[in-house]
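The values are calculated or read from the model by the stated rules, or taken from the named source; none is laboratory data. What you see is a predicted model, and the numbers here were worked out from it, not measured in a lab. Using ideal geometry, Cβ is built from the backbone for each residue, glycine included, and neighbour counts are taken over all protein chains shown. Side chains included, ligands, DNA and RNA excluded: accessible areas come from the protein's heavy atoms. Shrake-Rupley method; radii C 1.70, N 1.55, O 1.52, S 1.80 Å.
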Amino acid sequence: DRGVYHYNNGNYPRAITNFNKALLQYRSIDNQMGIANSCMNLAKVYMLINHNQIAAEYLTNANATVKNAQLTSLQDHLHLLNASLAIKTLQYNQALQELDAVTNINKNINIQMAVLKNQTHIAFLKNDSDKKQWLEQYRKLQKKHPENTQSHAARILRFEAELSANNNKKELLLKQALSISRDIAARTAIAATLTQWAEVDTNEKKYRAAENKLLRALFIRHQLSDVQSSLLLLQQLNTLYVTIDNKKQLIAKYWIDKISKNNLSEWEKLFTDFDTFPEI
C-alpha cells in the first residue's frame, strides 16, 4: 500500500523501495499472488523511468509465477505490462499480440482505456494509415468516462498535437495537456509534454523557449533517475547549443559522452551544470 501511495504521487524511488520490501515479505511466506503483484508493480515503475532491462527481468518472474500458480485474475494486467515493454523495445508485433490476448476488455473501463492507449501509440509510432481512427476510438471512450481518466485526456491531447499541422494549435493542445498533467502531478507525462513542445519551438526557431522546456524536462528525468530519457534530452540540447551557445554545448557533450559510456559515477552532479537556481 505504501508503494502504491508513493507511485501515485510520483515518488518512484520510494515506490521501488516499498515494492521490493513487499516482494521480500511475500516470498518469505510463499504467497504467489503477492509475489506476482509485487513483480508487476516493480516492472511498471521501472518502465516509467526507462530501466527496461530491470523491468523485463521482473516481468519474466511475474509471467512464470502467474502461469505456474494459475493466477488467471492477473493475466490481463500482465498482458498490458508485456505490451508496454514490447512498445518500449520497439517490438510492435509482440505488443499487438499481447493486446489481442486481453480477454476482459469489455468488462473493465481501465483495461479498455489502456488497450486503446497502446493501440493508438503503436499506430502513431508506425505512422499507420489508421492512426486517426484509433485516436478517435480512444477519445470517444475517454469522453464517455471522464472521471479518473485525466491522464488519458492529457495523452489524447498530445496525440492530437502530433497530428496537427498548425503550430499555434499544437501549442494550445500541449498547453492543455501540460496543465492536466501538472494537476495530477504526473511527472513523466509533464516531462514528455515539455519535450514534445520543445520540438515545436525548435521548428519555429524559438531556440531559447525550446532550451527552457528541455531543461525543465531534464530536471524531472534526472530527479527520477531516468538515465535513458536524460541522455536523449542532452542530445537534443547539444544540437540546440550548436546554434545558440558553444559553452553549454561543450557541457552537454561532456555529459553525453559520460552517460553513453555508462559512467554514472557523478550522476547526482549532472543537472547542477545546467541549473539556473541557486544552490542551498
>> If the requirement is being at pLDDT below 95 and within 23 Å of the chain's Cα centre (by Cα), which of these qualifies: Ile184, Ile256?
In response: Ile184
> With respect to Leu172, is the statement that it is aliphatic (A, V, I, L, M) and without any contact (Cβ under 8 Å) to a residue 24 or more places away in the chain true?
Replying inline: yes
> Among the residues of the stretch 239-246, is any in contact with a Phe, Trp or Tyr (Cβ under 7 Å, 6 or more places away or on another chain), crowded, with 21+ Cβ neighbours inside 10 Å and either in contact (Cβ under 8 Å) with a residue 40 or more places away in the chain or among the hydroxyl-bearing types (Ser, Thr, Tyr) (or both)?
Replying inline: no
> What number of residues within the stretch 185-229 are in a loop (DSSP other than H, G, I, E, B), touching a residue at least 60 places away in the same chain (Cβ under 8 Å) and either open to solvent by less than 20 Å² (accessible area, probe 1.4 Å) or not hydroxyl-bearing (Ser, Thr, Tyr) (or both)?
Replying inline: 4
> Are any residues in the stretch 126-160 in a helix (DSSP H, G or I), hydroxyl-bearing (Ser, Thr, Tyr) and either under 19 Å from Ala185 (Cβ atoms) or open to solvent by 40 Å² or more (accessible area, probe 1.4 Å) (or both), and if so, which ones?
Replying inline: Ser151
> Taking the stretch 172-184 as the region of interest, how many residues are open to solvent by 40 Å² or more (accessible area, probe 1.4 Å) and either assigned to a helix (DSSP H, G or I) or not aliphatic (A, V, I, L, M) (or both)?
Replying inline: 7
> Hey, among Leu270, Leu234, which residue is touching a Phe, Trp or Tyr at 6+ places or on another chain (Cβ under 7 Å), at pLDDT 95 or above, farther than 26 Å from His152 by Cα and assigned to a helix (DSSP H, G or I)?
Replying inline: Leu234
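To keep it simple, each residue is scored yes or no on (1) touching a Cys at 6+ places or on another chain (Cβ under 7 Å); (2) closer than 18 Å to Ala153 by Cα; (3) open to solvent by 40 Å² or more (accessible area, probe 1.4 Å).
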site: Lys88; (1), (2), (3): no, no, yes
site: Leu96; (1), (2), (3): no, no, yes
site: Asp100; (1), (2), (3): no, no, yes
site: Asn110; (1), (2), (3): no, yes, yes
site: Ala114; (1), (2), (3): no, yes, no
site: Lys117; (1), (2), (3): no, yes, yes
site: Phe124; (1), (2), (3): no, yes, no
> Quick check: anything in the stretch 65-87 of a type outside the set (Ser, Thr, Tyr), closer than 23 Å to Gln228 by Cβ and free of Cβ contacts under 8 Å to residues at least 24 places away in the same chain?
Replying inline: yes
